[in-house]
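Derivation of every value follows stated rules applied to the coordinates shown; laboratory data play no part. Keep in mind that this is a model prediction, so the values were computed, not measured. Backbone-built Cβ (ideal geometry, glycine too); neighbour counts: all protein chains shown.
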Amino acid sequence: MVHVITEIEIRCTAEKVSAFASDPDNAPEWYVNIHSAEWMTAKSLTIGSLIAFKAKFLGRELLYVYEIAEFIPGERMVMRTADGPFPMETIYTWQAADQHTTRMILQNIGNPTGFSKWLAPFMSIMMKRANTKDLKKLKNILENR
C-alpha cells in the first residue's frame, strides 16, 4: 500500500488556495507530472465529476480518470480513480493557519496491483518527492499573483 502525506503553508486564504488547487484546469500549471486535464462531465466541480488526466511518472505515460468523491470548498476535496493503472485516492485538505495563511495537506493513498505492487516502497518515495515539488510550485504561483 502507498500512503503519502505532504503539506505546506501558503500565504493566502484557504478560499483562494482551495479555488485554485481544486480546479482541474489548473493542475498542469502546478503539478510537475500532469500534462493535461480533460473534463469528462459538465465543467462544474461537484461530487461525481469525472476528469481525465495525462501524466508522466517514473518514466511512464499514465492516463487515468478521477471521480470527485467529496468536495467542501475551502476545506477538503477527495478524488478517486475511476479508471487508471491502479486504484488511488487523492485528498486535499485546506486549514487556516491564521487569517492570511493556509496549511494545505496533500495525501495519496493507493493500492498498486500487478508489477506496480513490487514498486510500492519506491513509488512512495518518488511520490513524496514529486508532491513536495508540486506544493512548492503551488505556493510560488499563489503567493506571487
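Arrange Asp25, Asp98, Asp134 by Cβ neighbour counts within 10 Å, fewest through most, would you?
Ranked by crowding around the Cβ, least crowded first: Asp98, Asp25, Asp134.
Can you list, bin by bin at 10 Å, the percent of alpha carbon pairs in the stretch 2-143, starting at 0?
With 10 Å bins starting at 0, P(r) equals 12, 44, 35, 8, 0.
Round to the nearest 10 and give me the degree value, 0 to 90, for the angle of helix 120-143's Cα axis relative to the longest principal axis of the chain.
Relative to the chain, helix 120-143 is tipped by roughly 30 degrees.
Determine the relative contact order of the chain: mean sequence separation of Cα pairs under 8 Å and six or more apart, normalised by residue count, in whole percent.
Reported as a whole number, the value is 32 percent.
Over 22 Å between Cα atoms: which of Lys16/Lys128; Lys43/Lys137; Lys56/Lys136; Lys16/Lys56 fall into that group?
The answer is Lys16/Lys128; Lys43/Lys137; Lys16/Lys56.
Once the piece of chain linking Glu38 and Val65 is laid out straight, how much longer is it, given 0.36 nm per residue of separation minus the C-alpha distance between them?
Working it through step by step, the gained length comes to 8.8 nm.
With N denoting the number of residues in the stretch 34-76, provide Rg(C-alpha) divided by 2.2 N^0.38 Å, to two decimal places.
1.30
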